[in-house]
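Nothing in this text is a laboratory measurement; each read-out follows from the coordinates by a stated rule. Quick caveat: nothing in here was measured; it's all calculated off a predicted structure. Reconstructed Cβ throughout: ideal geometry from the backbone, glycine too, with neighbour counts over all protein chains shown.
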Amino acid sequence: MECLLRRDLVRFGRWLSRLGFTPGTAGNLSVRLDHERLLVTPTGMSKYLMRSADMVIVDLKGRQLAGTTRVTSEIGMHLAVYEHREDVDAVIHSHPPTATAFACAGRALDEMLCQEAVMTLGVVPLAGFATTGTDEVAASLVPLLPGHDAILMANHGAVSYGKTLLDAFLKMETIEHLAQIALVAHQLGSPQVLGQSQIEQLHLAKANYRKNASVS
């Protein structure tokens with residue numbers, strides 16, 4: 001299992017890099033190994049150039065247990081997610097350009113402009129400014145974690161999380177997609193926000209989709 005998870009961290013790190021979400025050495029990923037340990041990407045390393053052997057193992061306090069590299073300096077962000085979302089087994093932090101621009105403009109992705117927004121992430125809130133690598137980052141996320149599966153971080157980037165690395169990755173990809181739609185809709189000058197009755201119908205459709213998917 002650990003071997004497969006190491007390879008998954010490499011694989012999704014490369015996908016994020018190819019999308020332009022992790023320029024330079026930006027971004028970090030993690031996944032649960034068990035109830036007491038996490039497998040995490042190292043600090044100061046391109047996500048495209050990572051190898052399986054570069055990954056670091058830490059406990060749920062962030063103490064490094066294994067690895068020849070150092071754990072990401074933003075481990076506190078990951079620990080906060082795992083602490084407050086017991087249903088989460090994987091976390092991704094990256095800098096998708098359009099979504100990060102929204103975060104730098106002080107804007108959440110809170111307008112339901114397209115059906116996909118309702119069917120996937122819903123509102124993506126904006127956490128307050130926090131200096132990277134400090135405890136402020138985790139503190140800024142905590143109030144938003146219970147009700148959301150992705151969060152924009154003011155003047156920083158975004159974090160997404162889910163049951164698997166694939167789940168977290170797809171959410172990160174969707175954040176950027178929704179940000180691009182919102183940007184262009186506002187540039188066109190006539191964004192048409194979905195009404196409450198439309199949103200309620202989409203929530204029902206989402207529930208039916210999940211029900212059918214679980215049966216199949």
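Excluding Leu178 itself, what net charge comes from residues whose Cβ is under 13 Å from its Cβ, given Lys and Arg +1 and Asp and Glu -1? Before the final figure, lay out the partial values.
On the way: positive: Arg107, Lys171; negative: Asp110, Glu111, Glu116, Asp149, Glu173, Glu176.
Cβ neighbours under 13 Å give a net charge of -4.
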Taking the simple approach of a point 7 Å from Cα along Cα-to-Cβ for both Gln187 and Glu2, what is their distance in nm?
-> 4.8
So, relative contact order of the chain in percent, Cα under 8 Å, 6 or more apart, is 19
Of His186, His95, His148, the one that fluctuates the most in a GNM where the chain has Cα springs shorter than 10 Å | His186
Simple Cβ-charge dipole of the range 1-40, Lys/Arg +1 and Asp/Glu -1, about Cα centre, in debye nearest 20 | 220
Going through the DSSP H helices of the chain, which span 20 Å or more along their own axis at the Cα atoms while scoring at least 0.5 as a mean Kyte-Doolittle hydropathy?
-> 165-188
For the chain, modelled as a GNM with alpha-carbon contacts under 10 angstrom, which of Leu188, Leu16, Leu145 fluctuates the most?
-> Leu188
CD proxy at 222 nm, helix term only [per DSSP H run n ≥ 4: -39500 (n - 2.57); per residue of the chain; nearest 500] | -13500 deg cm²/dmol
Using a Gaussian network model of the chain with C-alpha springs under 10 Å, which one of Asp87, Asp54, Asp149 is most mobile by mean-square fluctuation?
-> Asp87
Enclosed volume per residue, in Å³, of the convex hull spanned by Cα atoms of the chain = 124
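Taking the alpha carbon gyration tensor of the range 89-131, what are the square roots of 5 times its eigenvalues, largest first, to the nearest whole Å?
After scaling each eigenvalue by five and taking roots: 19, 15, 10 Å.
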Paramagnetic label zone (point 7 Å from Cα along Cα-to-C-beta, Arg210; backbone N under 13 Å) in the range 161-192 | 163
Pick out, from Gly44, Thr72, Leu141, the residue whose Cα sits farthest towards the positive end of the charge dipole of the chain, with +1 on the Cβ of Lys and Arg and -1 on the Cβ of Asp and Glu.
-> Gly44
Relative to the Cα centre, what is the charge dipole magnitude of the range 1-157, using +1 at the beta carbon of each Lys and Arg, -1 at the beta carbon of each Asp and Glu, and rounding to the nearest 20 debye?
-> 700
Grab the Cα-Cα distance for His84 and Thr131, subtract it from 0.36 nm times how many residues apart they are, and report the gain in nm with one decimal.
-> 14.9 nm
